[in-house]
1. Among the residues of segment 92-110, is any assigned to a loop (DSSP other than H, G, I, E, B), under 14 Å from L56 (Cα atoms) and touching a helix residue (DSSP H, G or I) at 6+ places or on another chain (Cβ under 7 Å)?
2. Can you tell me which residue in segment 41-56 is farthest from C74 (Cα to Cα), limited to those that are within 12 Å of the chain's Cα centre (by Cα) and of a type in the set (G, A, S)?
3. Looking only at segment 33-67, count every residue that is in a helix (DSSP H, G or I) and under 23 Å from H90 (Cβ atoms) and tell me the total.
4. Name the pairs: first residue in segment 18-40 and within 15 Å of V73 (Cβ to Cβ) and exposed (fewer than 14 other Cβ atoms within 10 Å of the Cβ), second residue small (G, A, S) and modelled with pLDDT of 90 or more, Cβ to Cβ under 8 Å, at least 6 apart or on different chains?
5. Give segment 41-52 a look and list any residue that's hydroxyl-bearing (S, T, Y) and crowded, with 18+ Cβ neighbours inside 10 Å, or say none.
6. Filter segment 53-70 for residues that are crowded, with 20+ Cβ neighbours inside 10 Å and among the small types (G, A, S); which is farthest from D102 (Cα to Cα)?
7. Quick check on F81: is it of a type in the set (F, W, Y), touching a residue at least 24 places away in the same chain (Cβ under 8 Å) and outside any helix (DSSP H, G or I)?
8. Any residue at all in segment 97-106 that's surrounded by 15 or more Cβ atoms within 10 Å (Cβ to Cβ) and at pLDDT below 95?
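The values are calculated or read from the model by the stated rules, or taken from the named source; none is laboratory data. Please read these numbers as outputs of a predicted model, since none were measured by experiment. Here Cβ is always computed from backbone atoms with ideal geometry, including for glycine, and neighbour counts include all displayed protein chains.
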Amino acid sequence: MTAATVELHEHPGVAVVRVGSGVTPALRETLFDAVDQHRHVVVDLGAVSTLDDVGLGLLVRAHQRARRRDGIVCFAGPSRFVITVLHTMHVDGLFPVFDDCDEALAWLKDQKV
């Protein structure tokens, strides 16, 4: 991940964090605030083409914070490269992955989690 813009969209019980293209202090703050204020978070990775160790660590920490509150962090639209990094680092099982945010939101609603 490289320099980016970050957007937060709130839905009932769920926050969607849209990542422009990388890790910034704003992403860390927005992601952790979303996890702390919402039970579930969908991270829209559609604009993210790569994922480095800093970005991966941030996502794993967000997952850990959410789990402590019985929440879930999902990914929407990750690139093939991002999926490969998650698999290679053996963390792909931590995060439900969806093609887009609508699919992730529908899954969370259907799960009644």
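1. Looking for residues that are assigned to a loop (DSSP other than H, G, I, E, B), under 14 Å from L56 (Cα atoms) and touching a helix residue (DSSP H, G or I) at 6+ places or on another chain (Cβ under 7 Å), one finds at least one in segment 92-110, hence yes.
2. Of everything passing the filter in segment 41-56, G55 is farthest from C74 (Cα to Cα).
3. Result for segment 33-67: 16.
4. So the pair list comes out as Q37/A15.
5. none
6. G55
7. The answer is no for F81.
8. Within segment 97-106, none of the residues are surrounded by 15 or more Cβ atoms within 10 Å (Cβ to Cβ) and at pLDDT below 95.
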